[in-house]
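**Q** Below is a structure I'd like to ask you about.
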Amino acid sequence: MKIALIGYGKMGKMIEQIAIARGHEIVSIIDIDNQQDFDSEAFASADVAIEFTSPTAAYGNYLKAFAKNVKVVSGSTGWMKEHGEEVKRLCEEEGKTLFWASNFSVGVAIFSAVNRYLAKIMNNFPQYEVLMEETHHVHKLDAPSGTAITLAEEIIAELDRKDSWIKGQQLLADGTVSGTNEVASNQVAIESIRRDEVPGIHSVEYNSEADRIIITHDAHSRRGFALGAVLAAEYAADHSGLLTISDMFKF
């Protein structure tokens, strides 16, 4: 399979290594300093482009890839509120393909399935209050993480007593603390911590007067995310439309 990379930071470089190891060819690498390569024959020859950039750049990158009839796998977050409906229309009405996920890790996909099932059970036990916590490296600017938001939305879909999530307490690398986890009874608080070079830790806690239940996914490195993105590209090569992890993994 021919793969183009859009974004060539740490994640892009790891995706490149894994893709080559799995027998794929990297035909184009586009970063901030060579945007003109979207118009190159090399980029147009790609079966799939894997995109990891920023919320402000992602949507434009999708349009540039779609214009060349290149399918896209993307882990960029923060664009959906403004452009989600248009991307959905492009995929459903104009035959474009976007495989999007806030987190491509196979372990996170499994964790997400456990999260949904646990929330379904806990819907019958209102004495348990739910709280979420996500920890990432100091370079991560957005909070909460896209993965934490996805997990929170899964909980809200199953818990009748919750209808929204809210940014909870924020603990920055310099020790600065802001916000609070004290939220309304219908809300789920997501606490965010920025520390060292942590790839990503997500925890969901159900707490009652009697006891506490916690599930946690702790990534050892970015490798799991990168491998998942390559697996998604392999899946997208043979499928079309607006795709996500639940299409690839049937839990």
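The values are calculated or read from the model by the stated rules, or taken from the named source; none is laboratory data. These numbers were taken from a predicted model, which means no experiment stands behind them. Reconstructed Cβ throughout: ideal geometry from the backbone, glycine too, with neighbour counts over all protein chains shown. Heavy atoms of the whole protein, side chains included, go into the accessibility calculation; ligands, DNA and RNA do not. Shrake-Rupley method; radii C 1.70, N 1.55, O 1.52, S 1.80 Å.
**Q** Return the residues of the range 181-190 that are outside any strand (DSSP E or B) and either open to solvent by less than 70 Å² (accessible area, probe 1.4 Å) or not polar (S, T, N, Q) (or both); say none if nothing qualifies.
**A** Asn181, Glu182, Val183, Ala184, Asn186
**Q** Quick check: is even one residue across the range 106-127 open to solvent by less than 30 Å² (accessible area, probe 1.4 Å), in contact with a Phe, Trp or Tyr (Cβ under 8 Å, 6 or more places away or on another chain) and part of a loop (DSSP other than H, G, I, E, B)?
**A** No, the range 106-127 contains no residue that is open to solvent by less than 30 Å² (accessible area, probe 1.4 Å), in contact with a Phe, Trp or Tyr (Cβ under 8 Å, 6 or more places away or on another chain) and part of a loop (DSSP other than H, G, I, E, B).
**Q** Which of the residues that make up the range 78-97 are open to solvent by 30 Å² or more (accessible area, probe 1.4 Å) and of a type outside the set (D, E, K, R)?
**A** Gly78, Met80, His83, Gly95
**Q** Any idea which of Ile214, Ile156, Ile193 is in contact with an Asp or Glu (Cβ under 8 Å, 6 or more places away or on another chain), β-branched (Val, Ile, Thr), more than 28 Å from Phe66 (Cβ to Cβ) and surrounded by fewer than 15 Cβ atoms within 10 Å (Cβ to Cβ)?
**A** Every option except Ile214 fails the conditions.
**Q** Could you check the range 60-77 and list, in sequence order, the residues that are open to solvent by 10 Å² or more (accessible area, probe 1.4 Å), assigned to a loop (DSSP other than H, G, I, E, B) and modelled with pLDDT of 95 or more?
**A** Lys68, Asn69
**Q** Further, regarding this structure: Please enumerate the residues belonging to the range 217-233 that are surrounded by 14 or more Cβ atoms within 10 Å (Cβ to Cβ) and over 21 Å from Lys88 (Cα atoms).
**A** If the condition is that a residue be surrounded by 14 or more Cβ atoms within 10 Å (Cβ to Cβ) and over 21 Å from Lys88 (Cα atoms), then His217, Ala219, Arg222, Arg223, Gly224, Phe225, Ala226, Leu227, Gly228, Val230, Leu231 are the ones that fit.
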